[in-house]
Structures are given as C-alpha cells and as structure tokens.
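These notes concern the structure reproduced below.
Read the figures in this text as sums done on the coordinates, not as results from a lab. Every value quoted in this text rests on a predicted model; they were computed, and no experiment measured them. Glycine also receives a Cβ, built like all others from the backbone with ideal geometry; neighbour counts cover every protein chain displayed.
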Amino acid sequence: MREKVELATKCGVNFENGKLNIVGDPAYIRACCDASLERLGVDCIDLYYLHRIDTTRPIEVAVGELKKLVEEGKIKYIGLSEASASTIRRAHAVHPITAVQLEWSMWIRDAEEEVISTCRELGIGIVVYSPLAKGFLTSGAKVVENMSETDFRKSVPMFQPENLEHNHKLYERVKDMATRKGCTTSQLALAWVHHQGNNVCPIPGTTRIQNLEQNIDALYVKLTAEEMVELDEIASLVRGDRYGPEMATWRHEETPPLSSWEADA
C-alpha cells in the first residue's frame, strides 16, 4: 500500500502560549522531519513543505537544510507554501522546488499577480488549498451559520456582514450556472481549478465520503471558454480579502538576502 500513496506533510510552524510561530531554523526543520517520520511510521516522506516562510532568515537557509534531508533519503521532494515569487526563485536556485501550495479559487485570485506565472515558468506544480473559497462556494452565506465561535473564518473579511450579502448574490449566479450544467457549485468551482492546467492540483478538504466522491466527479465537468469568462466576471465583483492583516501570506513573505545572513554569522 505504501508505494501507492504519495505522502505529503509540513514543517515550519509551532504553537506556544496560544500563538502561531513561524520557524525556519535548520535544527527545528530537521527535528520536525524526524518526528514526522516516527509518527507516520515511514522511512521517507514524499513531499515535505515549509508551511510558512520564516521572514527572519534567508530562504536559502531553510531550503539548504531541506536539501540535506533529500540527500539523506529522509524526504524525496521539497515544497513551499504561501511563498512570494522572489522567494520561490531563490529557493529553487538552492534545490528544485517540486510544488508550491497556495490559496487559489474562482473567487480568490491574488496569486495570479506573480506567483502562478513564476511557478509555471520554473515548472513547479501548484497545489491549491481552499479551492472552494473556505466553503463559500459550497453553500454561499449559509456556511456562516455552521461556524463555531472559534472558527477562524469568522474573522475573514469575505465573510463579514458588510460583504456577506453582496457575495451571496454572486454565489447565486454561480449556482445558476451549476444548475444549467447539472452539477453542484462545489463541482463547478473545482472544475474551474482543473481548467487552469495540468500542473494544478486542488486539495479540497472533506469529512464525508459522499462529498469526496462528488469532488472526484468534478473532473468530468467541462467548461467552455465563454463559461470561464462568465465565471471570471463574477469573481471580479467579490468583496473582502481572503485573510485579515494578521495572517502570513505570500504578500509578506520576503526574507533577508543570504549575504546579510552570512555577514552576521
């Protein structure tokens, strides 16, 4: 069974005193990898991501340690998550980056500014998280009704009252197209991602087998050029960012130059 599974996991963050810390220290990366290997009961991790970028250290430092883990046979491939275009280029110069994980959906398009084109130029796979816009493209504004008090999405601008009703009207337009095509809004949203190219892989989360099967069936939903244009027009009207300013995203992931780090070492 192991040879049939591509196993991916992450490192680079921890929680202390209820606070999320981003850590790109080589010793910490190595310790995380060893701990993951032990917990998973495997000898090698297929794809190992930096979950977020430590902006206090040059990206070359973290990727240099990941390169050593590849050479030691502990991991096969290196991935990044929420990395800027320049960070991706610098990392790729140290060791080939296999995949970049980022948020991208019919409604969330900021990565198209630089990151997507950089990945395509360098031949890096794009792994898309939140392809359903954090649930909005599954049920519209109703998704808020099922959020717990601790659900981080409650602080997401897209879900705030001043944007919710407006965005729900846009969702209804997406729903109309899904009805015309005989699929769900989730399947339509995933089909949009699939139509972005063969190097793009969405990873929608689900807790139900039925939803998993529906997500797989999205592969059979085909979109015309005219339908893609219509969906893009709807997406251009969405209000509210995908995260609040407190979250680490690719826009804030620049790291110091390696020369400055070596000078301070």
**Report entry** Filter pass, Val63 being in contact with a strand residue (DSSP E or B) (Cβ under 7 Å, 6 or more places away or on another chain), among the β-branched types (Val, Ile, Thr) and either crowded, with 20+ Cβ neighbours inside 10 Å or without any contact (Cβ under 8 Å) to a residue 60 or more places away in the chain (or both)
**Finding:** yes
Report summary line: Those residues of region 105-132 which are in a loop (DSSP other than H, G, I, E, B) and hydroxyl-bearing (Ser, Thr, Tyr) amount to Ser105, Ser130
Query raised in the report: Can you tell me which residues in region 13-23 are in a loop (DSSP other than H, G, I, E, B) and either over 19 Å from Thr255 (Cβ atoms) or touching a residue at least 60 places away in the same chain (Cβ under 8 Å) (or both)?
Result: Asn17, Gly18
Report summary line: Of all helices (runs of 4 or more DSSP H) fully inside region 136-246, the set with 3 or more residues that are loosely packed, with under 13 Cβ neighbours inside 10 Å is 161-181, 209-217, 225-235
Report summary line: Exactly one of Leu40, Leu47, Leu80 is buried (at least 23 other Cβ atoms within 10 Å of the Cβ), within 29 Å of Met1 (Cβ to Cβ) and of a type in the set (A, V, I, L, M), and that residue is Leu80
Query raised in the report: Looking only at residues in region 26-44 that are touching a helix residue (DSSP H, G or I) at 6+ places or on another chain (Cβ under 8 Å) and assigned to a loop (DSSP other than H, G, I, E, B), which one is nearest to Pro256 (Cα to Cα)?
Result: Cys44
Query raised in the report: Failed condition for Lys10, given (1) under 20 Å from the mean Cα position of the chain (by Cα); (2) part of a helix (DSSP H, G or I); (3) of a type outside the set (Ser, Thr, Tyr), with all others met?
Result: (2)
